[in-house]
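Encoded as structure tokens, the structure appears first; notes follow it.
Read the figures in this text as sums done on the coordinates, not as results from a lab. Only a predicted model underlies this, so the values are computations on that prediction, with no experimental measurement involved. Quick reminder, even Gly has a Cβ in these numbers, built from the backbone with ideal geometry, and neighbours come from all protein chains shown.
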Amino acid sequence: MKIYNLITEQKIPVDISAAWEFFSSPHNLALITPKEMGFIITSDYSKQQKMYAGILIGYKISPLAGIKVDWLTEITHVKDKEYFIDEQRFGPYALWHHQHHFVEIQGGIIMKDVLSYAIPLGFIGRLAHKLFVKQKIREIFEYREKKIEEIFGKWPAQATNVAGQIRTGE
């Protein structure tokens with residue numbers, strides 16, 4: 001199984017408490033996910049509920065060509081206002097391990113995502129990754145960067161955000 005990695009960093013002009021409140025709520029994921037992915041939370045998870053290690057969150061998504069798939073993730077680790085990790089338990093990937101890190105800096109935070117994933121189906125999966133999956137994941141994170149800027153504001157011009165930070169491990 002080939003494991004791919006994507007690492008992104010984005011500086012956001014918001015305090016750590018507001019950032020944590022927003023990003024640790026699965027309901028806000030729909031706000032920063034491209035509309036064409038048809039992202040819907042299917043589990044009974046209230047907006048007021050706090051994230052905790054062990055919680056399972058179900059989604060419906062359309063990763064390709066409008067085909068709906070079920071996706072179940074588990075929040076495996078949480079350290080308040082520092083990081084949380086979600087892992088796929090059921091869904092389109094052979095492996096999905098996504099770390100979300102938050103570091104307070106002067107004027108805001110740095111949000112760092114470390115994503116490790118694998119595509120099923122061996123050679124066919126590796127070919128699919130090369131032909132379109134890798135680009136689709138990049139587009140999702142680039143869309144997310146823009147939406148986060150719309151919500152929280154843009155970091156000063158000298159900062160480098162996701163476009164200059166994506167590394168795929170290839």
Pairs over 31 Å Cα to Cα, from LYS2/LYS112; LYS50/LYS154; LYS68/LYS154, come to LYS68/LYS154
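Between ARG138 and ILE124, what length comes free when the chain is fully extended (0.36 nm per residue of separation minus the Cα-Cα distance, one decimal in nm)?
Values: separation 14, 0.36 × 14 = 5.04 nm, distance 1.99 nm.
Residue separation times 0.36 nm, minus the Cα-Cα distance, leaves 3.0 nm.
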Under 18 Å from the Cα of LYS79, which aspartates and glutamates turn up, not counting those fewer than eight places away in the same chain? ASP15, GLU21, GLU87, GLU104, ASP113
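Please tell me the relative contact order of the chain in percent, rounded to the nearest whole number, where contacts are Cα pairs under 8 Å and at least six residues apart.
Details: 325 pairs, mean separation 54.0, N = 170.
The normalised contact order for the chain reaches 32 percent.
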When DSSP beta bridges are limited to those with both residues in the chain, what percentage is antiparallel, rounded to the nearest 5? 100
Measure of compaction for the chain (Cα Rg per 2.2 N^0.38 Å): 1.02
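Please report the relative contact order for the range 1-62, taking Cα pairs under 8 Å with a sequence separation of at least 6, and give it as a percent rounded to a whole number.
Values: 40 pairs, mean separation 18.5, N = 62.
Relative contact order, the range 1-62: 30 percent.
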Please give me the summed charge of the neighbours of GLN99: other residues whose Cβ is under 9 Å from its Cβ, Lys and Arg +1, Asp and Glu -1. -1
Multiply the residue gap between VAL103 and MET1 by 0.36 nm, knock off their C-alpha separation, and tell me the result in nm, one decimal place. 33.5 nm
Using only Cα atoms, find the angle between the long axis of helix 134-152 and the longest principal axis of the chain, and express it within 0 to 90 degrees, rounded to the nearest 10. 20
For a quick protection proxy, order the peptides 54-67, 10-23, 78-91 by their average other-Cβ count within 10 Å, most packed first. 10-23, 78-91, 54-67
